[in-house]
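See structure below.
The values are calculated or read from the model by the stated rules, or taken from the named source; none is laboratory data. Just so we're clear, the structure is a prediction, and the values are computed from it rather than from any experiment. Note that we place each Cβ from the backbone using ideal geometry, even for glycine, and neighbour counts take in every protein chain shown.
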Amino acid sequence: MIPEIGHLALILALSLAITQAIFPLVGTFTNTRSWVAMARPVAWGHFLFLAIAFGCLIQSFLTDDFSVLYVATNSNSHLPNLYKVAAVWGAHEGSLLLWAFLLGGWAAAIALFSRGLPAHVVARVLSVMGMISIGFLLFMLITSNPFERIFPVPAEGRDLNPLLQDPGLAMHPPMLYMGYVGFSVAFSFSIAALMGGKLDAAWARWSRPWTIIAWIFLSLGITLGSWWAYYELGWGGWWFWDPVENASFMPWLAGTALMHSLAVTEKRGAFKSWTVLLALFAFSLSLLGTFLVRSGVLTSVHAFATDPARGVFILIFLCLVIGGSLMLYAWRAPSISSGGRFDFVSRESFLLINNLLLSVLAALILFGTLAPLIYDAMGWGKISVGFPWFNTMFEMIAPFLVLAMGIGPMARWKHDDFAHLFRQVRVALVISLIAGGVALLPMFSHGKMLVGLGVTLTVWLIATHLKNLQERLKHKHGLKGLLRDLAGGSRSYYGMWLAHLGVASFIIGATVVSNYGIEKDIRMTPGSDVTIAGYRFVFDGVSKTPGPNYTAYRGHFRVFDGANQVAVLEPEKRHYQMQGRPMTEAAIDPSLLRDLYVSLGEPIDGGDWSLRVYYKPFVRWIWLGGILMALGGLLSISDRRYRIVRKLSKSEAATRKAGTNATGNPATETA
Amino acid sequence: MGRSLKFLIPLLLFGGIALFLYKGLSMDPRAIPSPLIGKPVPEFSLPRLDAPGEKVTRKDLLGKVSLLNVWATWCVSCRAEHGVLVDFARTHKIPVYGLDWKDDEAGAQAWLERLGNPYVAVAFDKIGRTAIDLGVYGAPETFVIDKKGTIRHKIAGPLSPQLIEDELLPLINKLNQEG
């Protein structure tokens, strides 16, 4: 019964999505007030039915309803409840439902927090989101229904992929999807603005907080994914340029560019058409990424054609959404006034450089992931793009990005001169070059040239931002000014500051762990020990331990630094009964300066085990960087300007009035 | 006009990508050469799927020309290829090693029992680490490895009798004559 209710709720959500897509939009053009006013209530109803469907699927998992095909393939009665819930988005059908559910959630949030927006803007934005939702719901109902039943009903489910049975990964997809779907808001705002032909500072100000929130989720999602890969895959890597990772990284890059570009559009009125384009890109890449991953084209190139119905549907949907929006862009963007002139040396220029570099990076990654397909289709021969290529590209472009990041916040809006800028950054430049030079000394670098670059960039970022803070506080009466700013005056500056330091943290972490990490794959006899980077790992053997839905071999290690015992590590090798798969659970002793990492390999005859023992200095700084970036984002949306619920200032009230008047003929709006 | 035209660029770019994706739907991406061609097989040491408790390592591949076939039970093309491999192993004196990629151990063992085992040894690459080292894009893929343990050729996609006749055997003969 429950699955049927869920199925029905999906169908109802689809019909509401259709309503949401058509009536409010048409209403804004025909000036039918009642149709425009439908947007909000319909969006709530749409979300309600998606929530019911989502709840029904969760309920089916919790009650072990194996008559539902999706539950039977992805759950098991012995699965802990937390993972039963996480299993909802453990595979294709359920993740689509999660997508649709979150999309409905974002739309409902807009309906709720858009009191200050002109009614026709809200109507158009929600209508665009409704269109996207139609695509997802149709896709689900036609090709990937999560509520499909099977008969005869299996007595037991096949269990969730053990790789996914982990708290980090349970939270990873929702975070990531919140980010992906969140970009649909900026996308919808852009489409609405293109329809109306009205792209102004108000539009940028409305889109900004939503974009930043989506970006925060995406940043956290990627960080969480990287952390998960590190401890769960059992071999201590934190980024693999895996197509799945690329699919999340590309929208992040586009989203980062968008966030900065929106700032310029809001404050200076410049970059308008460019900002719109980035908003379209950020969401298009999210869509492309999700679908490529979901269709299996990227994880295994050979699987693309396995389900032609899905592939064709995906492609048609992509063409409608991306192609349609870019067509609208090509049609309407030429009439957008460029506005906000600026000189070659100005903050705008540096932000533009950053934007371009971020876009180039995203384009290169897109190229790298699609290259095999493109080359093959063109008959240019076959190529394969591995992670050395991605690393090289990244290392070639990212340093320039960081360079501009250091200067950008120093530069004045509109016009600056080289002499002034140089005075601002010269100390930072000298310090960072010295630091890099010291790091390059043979005794520190051990011949690894990238260490010098990494240290220079890190110190450069920190030094420029400290200088920048000092300058700011000079104008703001020192510490008192800082406290006043943080109390609500201008948090967005500190948000930027924190997020940029997050980048510094990431660079130093990545540099140190890639160059000084030690990895040993060895064979050990119980009772023996091994010393890595001054730490002595004593192997006390392996015992057998049962878990809820698995049995595990648990290794016992004591780690000594000199004579002090610093950690007890117990890595596991689990065998999940239902799926018959072995899984490694690494044991990690974390600290800010180094991780000690042990994972069990295979038993070798005579009680010996093959083991991976790693020393990972500074690896935490990578994720700390991600967290700092997210915190920076959080701090900046708490800025008073974005108070989503707030009193309308006079100028806003004026915009609002002007907006309502302009609902009628689009031609007059463009003029 | 030139100013308006530039706004068409994103659309055209996307159109291009969409065309490739469309072609990709009907395409069978095969024979992606590995950047590792001419390079030694990366070090690996994996448990044997066909002989639990034993290991297969890079050393086992040395001293003779051999094939390394990457497969998995979840891969439909591997299933189609399997008969060809069994035939090949029966009629030619060239050892075929298997790399079972990201697979279910029991299922894979059952597969070999049911469909025949053409491999002298099958490495079980549970997490796909060795496959990453080998630059594997998808299954099936087959590497030709010379006596010194160097990768000389790679075929992505299923082997066919014709492919074996035209491509593999001439190469193997040539490699056999090398020192």
Working carefully through the options B:131, B:106, B:51, B:123, find the one that is within 14 Å of chain A (Cβ to nearest Cβ), over 23 Å from residue B:156 (Cβ atoms) and either touching a strand residue (DSSP E or B) at 6+ places or on another chain (Cβ under 7 Å) or not in a helix (DSSP H, G or I) (or both). B:51
I'm told residue A:658 meets every condition in (1) surrounded by fewer than 19 Cβ atoms within 10 Å (Cβ to Cβ); (2) within 35 Å of the chain's Cα centre (by Cα); (3) part of a helix (DSSP H, G or I); (4) modelled with pLDDT under 50 except one. Can you identify the failing condition by its number? (2)
Taking residue B:129, is it surrounded by fewer than 22 Cβ atoms within 10 Å (Cβ to Cβ) and touching an Asp or Glu at 6+ places or on another chain (Cβ under 7 Å)? no
Could you look through segment A:61-105, keep only residues that are over 26 Å from the mean Cα position of the chain (by Cα) and without any contact (Cβ under 8 Å) to a residue 60 or more places away in the chain, and pick out the one that is nearest to residue A:287 (Cα to Cα)? A:61
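Residue-wise test of (1) more than 9 Å from chain B (Cβ to nearest Cβ); (2) at pLDDT below 90.
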residue	(1), (2)
A:308	no, yes
A:311	no, yes
A:315	no, yes
A:324	yes, no
A:330	no, no
A:338	yes, yes
A:343	yes, yes
With criteria (1) assigned to a helix (DSSP H, G or I); (2) modelled with pLDDT under 85, residue B:89 comes up short on (2)
For segment A:557-566, check the following and say yes or no: at least one residue is more than 14 Å from chain B (Cβ to nearest Cβ), closer than 30 Å to residue A:495 by Cα and free of Cβ contacts under 8 Å to residues at least 60 places away in the same chain. no
Boolean, residue B:154 is of a type in the set (Lys, Arg) and either within 13 Å of chain A (Cβ to nearest Cβ) or buried (at least 22 other Cβ atoms within 10 Å of the Cβ) (or both): yes
Here is a check on your reading of the model: is residue A:229 within 14 Å of another protein chain (Cβ to nearest Cβ), small (Gly, Ala, Ser) and within 14 Å of the chain's Cα centre (by Cα)? no
Spot the failing condition for residue A:87; the list is (1) over 25 Å from residue A:207 (Cα atoms); (2) modelled with pLDDT of 95 or more, and only one is missed. (2)
Just one of the numbered conditions (1) at pLDDT below 90; (2) of a type outside the set (A, V, I, L, M); (3) buried (at least 21 other Cβ atoms within 10 Å of the Cβ) is not true of residue A:168; which one? (3)
Answer yes if at least one residue in segment B:85-98 is within 14 Å of chain A (Cβ to nearest Cβ) and crowded, with 21+ Cβ neighbours inside 10 Å, and no otherwise. no
For residues in segment A:91-137 being of a type outside the set (Gly, Ala, Ser) and out of contact with any helix residue (DSSP H, G or I) (no Cβ under 7 Å at 6 or more places or on another chain), which is farthest from residue A:183 (Cα to Cα)? A:115
Within segment B:41-76, residues of a type in the set (S, T, N, Q) and more than 19 Å from residue B:105 (Cα to Cα) come out as B:66
For segment A:263-283, enumerate the residues that are assigned to a helix (DSSP H, G or I) and either over 18 Å from the mean Cα position of the chain (by Cα) or within 16 Å of residue A:223 (Cβ to Cβ) (or both). A:263, A:264, A:265, A:266, A:267, A:268, A:272, A:273, A:274, A:275, A:276, A:277
Return the only residue of A:469, A:453, A:441 being within 26 Å of residue A:220 (Cβ to Cβ) and either surrounded by fewer than 21 Cβ atoms within 10 Å (Cβ to Cβ) or out of contact with any strand residue (DSSP E or B) (no Cβ under 6 Å at 6 or more places or on another chain) (or both). A:469
Select from segment B:134-151 the residues that are within 12 Å of residue B:101 (Cβ to Cβ) and not hydrophobic (A, V, I, L, M, F, W, C) and write down the one among them that is nearest to the other protein chains (Cβ to nearest Cβ). B:138
Qualifying positions in segment B:112-138 - modelled with pLDDT under 85 and among the hydrophobic types (A, V, I, L, M, F, W, C): B:115, B:127, B:131, B:132, B:134, B:136
Hey, residue A:611 hits all of (1) within 30 Å of residue A:449 (Cα to Cα); (2) in contact with a strand residue (DSSP E or B) (Cβ under 6 Å, 6 or more places away or on another chain); (3) in contact (Cβ under 8 Å) with a residue 40 or more places away in the chain but one; which does it fall short on? (1)
Residue among A:163, A:117, A:126, A:79 that alone is modelled with pLDDT of 90 or more and either of a type in the set (A, V, I, L, M) or part of a loop (DSSP other than H, G, I, E, B) (or both): A:126
Can you tell me which residue within segment A:1-57, out of those that are among the polar types (S, T, N, Q) and surrounded by fewer than 17 Cβ atoms within 10 Å (Cβ to Cβ), is farthest from residue A:124 (Cα to Cα)? A:15
Out of (1) assigned to a helix (DSSP H, G or I); (2) modelled with pLDDT of 90 or more; (3) not hydroxyl-bearing (Ser, Thr, Tyr), what's the single condition that is false for residue A:146? (1)
Selection from segment A:470-513 of residues that are without any contact (Cβ under 8 Å) to a residue 12 or more places away in the chain and among the polar types (S, T, N, Q): A:470
Which residues, counting only those in segment A:173-193, are farther than 12 Å from residue A:248 by Cα and surrounded by fewer than 24 Cβ atoms within 10 Å (Cβ to Cβ)? A:174
Looking only at segment A:225-238, decide whether some residue is crowded, with 21+ Cβ neighbours inside 10 Å, part of a helix (DSSP H, G or I), in contact with a Gly (Cβ under 7 Å, 6 or more places away or on another chain) and aromatic (Phe, Trp, Tyr). yes
Could you say whether any residue in segment A:367-375 is closer than 30 Å to residue A:265 by Cα, modelled with pLDDT of 70 or more and either surrounded by 22 or more Cβ atoms within 10 Å (Cβ to Cβ) or not hydroxyl-bearing (Ser, Thr, Tyr) (or both)? yes
If only one of A:205, A:294 is charged (D, E, K, R), part of a helix (DSSP H, G or I) and modelled with pLDDT of 85 or more, which one is it? A:205
Close pairs (9 angstrom Cβ cut-off, 6 or more residues apart or separate chains): in a helix (DSSP H, G or I) in segment A:514-540, of a type outside the set (A, V, I, L, M) and at pLDDT below 90 anywhere: A:514/A:448; A:515/A:445; A:515/A:446; A:515/A:448; A:516/A:446; A:516/A:448
